[in-house]
Structures are given as structure tokens and as C-alpha cells.
Amino acid sequence: MSPLDVAKLRADFPLLSRTVRDNRPLVYLDSGATSQRPRQVLDAERAFLEQHNAAVHRGAHQLAEEATDAYESARARIAAFVGARPNEVVFTKNATEGINLVAYSLGNASIGAVDAYAAARFALGPDDEIVVTEMEHHANLVPWQELCRRTGATLRWFGVTSAGRLDLDDDPISEHTKLVAFSHQSNVLGTVNPVKELVARARAVGALVLLDACQSVPHSPVDLAELGVDFAVFSGHKMLGPSGIGVLYGRAELLAAMPPFLTGGSMIELVRMEGSTYAPPPQRFEAGVPMTSQAVGLAAAVDYLNSIGMATVAEHERELTEAALVRLADVPGVRIVGPTELVSRGGAVSFLVEGVHAHDVGQVLDDRGVAVRVGHHCAWPLHRRFGVAATVRATFAVYNTLHEVDALVDGVRAAQTFFGVG
Amino acid sequence: MRLSQMYQEIILDHYRNPHGAGLREPFDAESFQINPTCGDEVTLRVALKRDSTGEPVVADISYYALGCSISQAATSMLTDLVVGCTVADSMHIVGAFKHMVQGRGAVEPDEDVLGDAVAFAGVAKYPARVKCALLGWMAYQDAVARAVEAPAGPSQNGAGR
Ligand SMILES: Cc1ncc(COP(=O)(O)O)c(C=O)c1O
């Protein structure tokens, strides 16, 4: 594996060289919330807009052809990046929309708004259950709560152990389970969940599986077909790409049978005043003129990540994570929330500083130019599980350095000193 | 530098030794407020009495708060400022405090009205922390509104927003 020249790579990210709060060099440790974008992504968007912009899948002029080609080429490259076929990739606004798309599609099946075959296959009712986990981001929890409310189904969940792992022994999956939705990697704990084990358990009862891959696809090689999940979602802005674009992956055969979520132009086959039929996927799920330069930008991000190699990305982030875990553990009064060993663990490091509220730690870090996230990170039930309102979270990307890990740890010590608890 | 502007000594003092903390009886109304971005919360009770002219006066504020130094200290300072005031005067103070912390640092605080709470002027420069400073104050405003609506009514939890 080629060692990563991080200094050279950082030169691709203009934002990383700015200063904040009175000329402090920026130490950006919030890529789990959103990542920064390399010039290659910005340039790709600009080049598309300056040369090829047009409404895709509409019109027969040359620009429309070029824009459509750029859009579909983007889809193909993004699909290949996660081991999918192009017709299994639906562009959405973000991962949240992808999850809602599935939830609403199942909901539409449940109210019989579609053909009888789809209704029977995907409908949910009072006898059915959806299984999630206690560590989910609200994006992979609230849509299922709502779907249950609309259909009368029941939500169940895997608990989380004090070590920050799923409690697989207390298994809520049963013959009532219709769908199991869980995150590949927790955005708070860093825990990487056992996808294949959960897929096997879901399969055993005939349930569908949705994987929230928001925090895995940007950081490690992911092959969705190999993992065997039915659906997966991720967001462009967390993987060096643009905001305003996300991906819903769905197995071709499922997407082909599912009723639409948003309806309107571009997703139809035949429209009459009395009713309409729908285009095959992925178009069926892409109503209206889609985001186009964003798709081009995300494909450029994927090309960029490929040029580094996802194994190299993962290895580099592993080093950063290890350093953060080890160095934070050296600070008395710091408690990591999540696994402390590197097994099945990615680079989200959340922690508490005894005697100093997370907001206050974050403020001291910010004053030193270190950007972290503080709060519940959209995983409120998980924080409640650990009996805390808020944690400090550092998340890494390929452009971070060990020096930045030191800046984090120094900042934590400074916060202790400032609040007189060190 | 900027840190000490925001965390003035008086704020840290209130944080370490909050005034009036704890939930007490009797009270006329209670409000529960939550900061949805960080999960910090406060349960705050007000007890009112009437002065010789029949005006409602703040007899006691008691609270249970989970939160950062800014939210804890701001709630503590609130009790110093408004207990003993008429409700009308307290609302004037609440208005001035909100105006200051929401002023993006451009509002010159009136020390005559806000007393020690002028120390929170530094928070106004950090939009993300304004909600922290206001948490207990919003709870107070809500609780007073309830107490005035239903003077002898039972305690009610405000819907957290
Ligand atoms: C694990 C996880 N799931 C879902 C989301 C939602 O992503 P987005 O806000 O881009 O839709 C996030 C990011 O915030 C996340 O970390």
C-alpha cells in the first residue's frame, strides 16, 4: 500500500488552509457532519456548468445530450464505487431523503396506492414490525417511527451495550419483522456493526434490510452487493462531494417492484388524465429535474477517493483514530463513549470530560481553531442510553493529520485547565 | 482572549455555585424547556405573591437544570435579578436580556436593567451559544405566562421545543 502524502493531499483542499478565530490555523475534525471538498470536485462542477449544463433526460439538443451523459456517467461511477449496478443507484437530496423514500414507498404500498402485487409484497400492517437499533441517527429512526404510526406496525430495536456494541443477544427480530434498518458505522460511537450477521438474521425471517452507510462509504471500501443488503443510503457531502446529493441503493429487483415516493415529471411512463404508469427505476424515483452538477461533483469525489484508494483512506483514518483513542485515554477525566479498542471501529471519537460540559469543551477547542461537534449528534436516544445529554465528537477524514489529533488532545487539556478541573 | 470575554469570572462563579438551584414548593407554574441541538434541559418553577398594591411579584424561582456553564450561569443570574421584582419589571429585564444576547454583539447592554447579567454580552458573538444563555430565561417567561393565566392552577409541564 502506498503511504499517503497528506501534506500534498491537503493542498487540494483550499478551505483547510484558512485560519479561524484570530488567525488560528483551522483544525477541522468535523468531517462526520460534513467533509470539505477538494478542488477536483469544485472544478468538475464548474466545468460542467460552464460547458454542458442542461436539463437531463429532457430535450434532444446537444447540451441536453451532454448533460444527460454526464449525469448517467456519474451514476455509473458512483455505483461502481459501492459495488452496485447503475440502475440500482437513485439520486436523492441526501441520505435522509433516501431513507424517507423507502419509508414512503412502503407506506404507499400499505395504503394500496399501487398494483396489488406491490401492495401485497411491501405492505405493512398492525401485525408487522420494523427493527432498528438504539444507536441510529435520527435520520434512520424518525422515518420508521412515522411509518409505524401511519401503518399500525410496531417499532422494535436492538439495544446498545455499555461498550458501545449492539446487544445481539437480545434480538428483536422475529417472524413479524418486515424490515431491519441499521447503521453500518455509528456516527457517535464509531462502532462498525456486523452487517452480514444482521443480514442473515433478517433473511431467516424474510425481512428486508436497509443499511445506513453514511459513515462507512466515505471512510472504507464498501461493496453493497457483497454485504447482501437490500437498500443502502449515503450522502455526498460526507465523502468530499457536494451537498444536495445523496444516494439510495436498492437491489434492482426490489426497486422495480416498489411504488414511487415523489411523483411528477421524469418519473412517468405514460400519463393520461385518468391515471399514469411509471418509468422503470432509477427514473421512477427521480421525479422532476434532478440535481446535476452535484451528481457530477460527487462522481469527481468518487474518482478522487479512488485515486487515493479506499484501503489507503481506511488505513490512514485508522491511524488517526488509534492515536486519538490512545492520547485521549492518557488525559485523566476523559471518558470515551464507544469502543476503545480498534476492532470493528471507525473514526468517530466521542467523549466526555469530567466536570466540563461538552459545549464548554467545544468552545475552548473552537477558540484554538479546533472544530469538533458537540451535542447529541442527532442520536439522542443513544446519548440517553449512556445517561448523558451531550458529548464532544471528533471525526476524521483522509486529510487529517496526527498533528491535528495532538491539537485536539491539547485543547481538551486546556479546557480542563480553563474550567479548573485539570 | 475571546474565551475570557465569554466566560467572565462572574459567569464561572454562578456556574460553580448556582443561586436558587433545586425544585421547591409551593409554586404557581412550571416550565420544561429543552435545547434540541444539544439536549440540555431545564425545569423551572415560579411562585408569585401579591404586593400591597395587588401587583404580582416574583416570590421564588426554583429550577433543575442540565446544561453547559452558560445555560447554568444564566439561569442562576436570572433568579438573582427577578426574585422580588414585580412580574411587569421582570418582563422588562427578560426583554433586555434577550435583546442583548440576540444582538450579535451590536447591542450596548444597560447595566441598570441587567446588573451582573451584562456579563453575557460576550455570548452574543457566538450565535450557537445564544440558545444556551436563553434556556432558563425562556422557561421563566413561559412559567410566568402560565402562572398569570391560571393563578392557582396545578403545575403543568411546558411543551419543550
Ligand atoms: C449515520 C448517519 N446517518 C444519517 C445521516 C444523515 O445524513 P444527511 O443529513 O446528509 O441526510 C448522518 C449525517 O448526519 C449520519 O451520520
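The values are calculated or read from the model by the stated rules, or taken from the named source; none is laboratory data. Predicted, not measured: the structure shown is a model, and the values here were computed from it. With ideal geometry, Cβ positions are generated from the backbone for all residues, glycine too; neighbour counts draw on all protein chains shown. These accessible areas exclude ligands, DNA and RNA; they are computed on the full protein's heavy atoms, side chains included. Shrake-Rupley method; radii C 1.70, N 1.55, O 1.52, S 1.80 Å.
Quick notes on this one:
- Heavy-atom accessible area per residue - chain A, 1.4 Å, Å²: 39
- Sequentially through segment B:101-117, phi angles give Karplus couplings (6.51, -1.76, 1.60; θ = phi - 60°) of 6, 8, x, 6, x, 9, 9, 7, x, 9, 5, 5, 8, 9, x, 4, 5 Hz, Gly and Pro residues having no value and appearing as x.
- Point-to-point label distance, residue B:5-residue A:269, nm (Cα→Cβ direction, 7 Å offset): 6.4
- Largest first, the residues A:383, A:176 sort by 1.4 Å accessible area into A:176, A:383.
- From the Kirkwood radius over Cα pairs of segment A:278-365, Stokes-Einstein at 10 °C and 1.306 mPa s returns a whole-number translational diffusion coefficient of 94 µm²/s.
- Here the Kirkwood formula, the inverse mean of 1/r across different C-alpha pairs, assigns segment A:57-165 a hydrodynamic radius of 16.6 Å.
- Rounded to whole numbers, the Karplus 3J(HN,Hα) couplings from phi for segment A:28-35 are 8, 10, 10, 6, x, 7, 7, 9 Hz, using 6.51 cos²θ - 1.76 cosθ + 1.60 with θ = phi - 60°, and x at Gly and Pro.
- Backbone HN-Hα couplings from phi across segment A:311-317 [Karplus 6.51/-1.76/1.60, Hz, Gly and Pro as x]: 5, 5, 4, 4, 5, 4, 5
- Across chain A, the relative contact order, built from alpha-carbon pairs under 8 Å that are at least six residues apart, equals 22 percent.
- A:220, A:235, ranked by accessible area, largest first (probe 1.4 Å): A:220, A:235
- Projected-area average for segment A:147-190 over all orientations - Cα convex hull basis, square nanometres: 4.0
- Estimated purely from DSSP H runs of n ≥ 4, each contributing -39500 (n - 2.57), the mean residue ellipticity at 222 nm for the protein assembly as shown is -12000 deg cm²/dmol once divided by its residues.
- Hydrodynamic radius (Kirkwood) for segment A:230-382, which is based on Cα pairs only, to one decimal in Å: 19.6
- Scanning residues 5 or more positions from residue A:246 or on other chains, those with amide H under 5 Å from its amide H are A:92, A:93, A:94, A:236, with H placed 1.01 Å from N in the peptide plane.
- On a per residue basis, the convex hull of the C-alpha atoms belonging to segment A:302-422 measures out at 109 Å³.
- Within chain B, the proportion of C-alpha pairs whose separation exceeds 29 Å stands at 13%.
- Antiparallel DSSP beta bridges within the protein assembly as shown, percent to nearest 5: 70
- Computed on chain B, with alpha-carbon pairs under 8 angstrom and 6+ residues apart, the relative contact order is 32 percent.
- Remark on residue A:156: its backbone amide H falls under 5 Å from those of A:130, A:131, A:132, a criterion applied only to residues 5 or more positions apart or on other chains, H modelled at 1.01 Å from N.
- Spin-label zone in segment A:327-344 - amide nitrogen under 17 Å from a point set 7 Å from the Cα of residue A:200 along the C-beta vector: none
- Residues of segment B:25-47 buried by at least 10 Å² on assembly (accessible area, 1.4 Å probe, chain alone as reference): B:34, B:36, B:37, B:38, B:39, B:40
- Exposure of residue A:24 as accessible area (Å², to 10), given a probe of 1.4 Å and all protein chains: 80
- Once A binds B, the 1.4 Å probe can no longer reach about 1800 Å² of accessible area, counting both sides.
- Note on residue A:170 and residue A:417: their simple-model spin labels are 4.3 nm apart, each label 7 Å out from Cα toward Cβ.
- Residues A:175, A:88, ordered by accessible area of protein heavy atoms at a 1.4 angstrom probe radius and largest first, appear as A:175, A:88.
- Residue B:125 accessible area, 1.4 Å probe, all protein chains in place, Å² to nearest 10: 110
- Checked against a 32 Å cut-off, the cross-linked pairs A:93/A:178; A:178/A:238; A:8/A:196; A:93/B:98; A:196/B:131 give Cα-Cα distances beyond that limit for A:8/A:196; A:93/B:98; A:196/B:131.
- Each Lys and Arg contributes +1 and each Asp and Glu -1, all at the Cβ; summed about the Cα centre of the protein assembly as shown, the dipole is approximately 440 debye.
- Tail weight of P(r) past 47 Å, computed on alpha-carbon pairs of the protein assembly as shown, percent: 22
- Once backbone amide H atoms are built at 1.01 Å from N, residue A:216 has A:185 as its partners under 5 Å, excluding neighbours fewer than 5 places away on the same chain.
- At the residue level, residue A:404 shows approximately 10 square angstrom of accessible surface with a 1.4 angstrom probe and all protein chains present.
- Backbone N under 18 Å from the residue A:253 label point (7 Å along Cα→Cβ), restricted to segment A:97-134: A:117-123
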